[in-house]
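The values are calculated or read from the model by the stated rules, or taken from the named source; none is laboratory data. In this text the structure is predicted, and so the values were computed from the model without any measurement. Please note: Cβ atoms are built from the backbone with ideal geometry, for glycine as well, and neighbour counts cover all protein chains shown. Heavy atoms of the whole protein, side chains included, go into the accessibility calculation; ligands, DNA and RNA do not. Shrake-Rupley method; radii C 1.70, N 1.55, O 1.52, S 1.80 Å.
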Amino acid sequence: MDLLTQVVREAPVPLWVIDSQGLVSLANKAAIRFLGYKAEDDVVGGPSHDLLHCRRPDGTPYPEHECPIVGSGGTAPASEWFVTRAGDARPVQWTTRSIGPGLGTLLSFSPQPRTQKQIVRELRSRGPAPRTPAVQVRAELRGSMLRTIEARFTDPEFTTAELAAAAHLSVRSVQALFAEAGTSPAAEIRRVRLEHARTLLEQGHAVQAACLASGFLDPGTFGRAFRQRFGCAPSQVPASLAV
């Protein structure tokens, strides 16, 4: 890997390279993380438009020929919606730069946080709701964050702070949202990890493999958390919990 490619991949700003056929030829870690994918292999070679936003925020299809990004030779900052792997629509500000004649397009983007008023306005535009807007906003935000957890729990570095950053909220706000449902973001991350680990153990995976594949780095911590939740050690799962 040359130095320039390594710098692009490690850059803190999401960067995305689209080749002349509209396919992704490079995506850095920040872009992959923002969109909820696990690795570059999940997106490289795929159609850029479909991976970024095959549908609009309201769920209607977004035809590629209407997209201002693919094929653009360089643009000033503009706003769009990108859809994550988990299906969450996120507002972004983006720009493109042409990479030499026929070599492709460099897309850079950054999250564009929505205010609570904007979210309420979007919800109201969908029609009458059975609950008050404020309650519905909080429920939708919490549901969106739970989907983010489901998409990213295997990353051992994924924490409440990472969840808050992905939702464009403060850590305190995220904790308050989950407290309304009688839980916490840390508890939900741990729950999803432990349930995934139990599934792997029931399928015959080794304890250490299930530990690492579920986002735990320390076997001791994993063992204690598993016993507290399920009442048995991970090594006892095949005998006590397997169906």
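Were the residues from R191 through Q93 laid out at 0.36 nm apart, the gain over their Cα-Cα distance would be 31.9 nm.
For the chain, a Gaussian network of Cα nodes joined below 10 Å ranks R97, R224, R191 by mean-square fluctuation, and the top entry is R224.
A simple spin-label model places pseudo-atoms 7 Å from Cα toward Cβ; at V7 and C54 they are separated by 3.5 nm.
Find out how many positive minus negative residues lie around G22, taking Lys and Arg as positive, Asp and Glu as negative, among other residues whose Cβ is under 13 Å from that of G22. Charge balance in the 13 Å sphere: -3. So if we plug the beta-carbon distance of C232 and Q21 into 1/(1 + (r/R0)^6) with R0 = 41 Å, what FRET efficiency do we get, rounded to 0.05? Here the calculated transfer efficiency is 0.20.
Counting charges near G71 (Lys, Arg +1; Asp, Glu -1) among other residues having Cβ under 12 Å from its Cβ returns a value of -3. Accessible surface for K29 stands near 110 Å², nearest 10, in the context of the full protein assembly shown (1.4 Å probe).
Using the Cβ-Cβ distance between R172 and V44 with R0 set to 30 Å, the FRET efficiency from 1/(1 + (r/R0)^6) comes to roughly 0.20. Mean-square fluctuation check for the chain, GNM, Cα pairs under 10 Å: which of H196, H205, H49 is largest? Between H196, H205, H49, it is H205 that shows the largest mean-square fluctuation. Normalised per residue, the accessible area of the chain is 54 Å², obtained with a 1.4 Å probe and no contribution from ligands, DNA or RNA.
Across the chain, the convex hull enclosing all Cα atoms gives 166 Å³ per residue. Under a 10 Å cutoff between Cα atoms, tell me which one of T160, T84, T60 has the largest fluctuation in the Gaussian network model of the chain. Its mean-square fluctuation being the largest, the pick is T60. The accessible area of E64, taken with all protein chains in place and a 1.4 Å probe, comes to roughly 90 Å². Surface composition of the chain: carbon plus sulfur atoms hold 54% of the accessible area, using a 1.4 angstrom probe and ignoring ligands, DNA and RNA.
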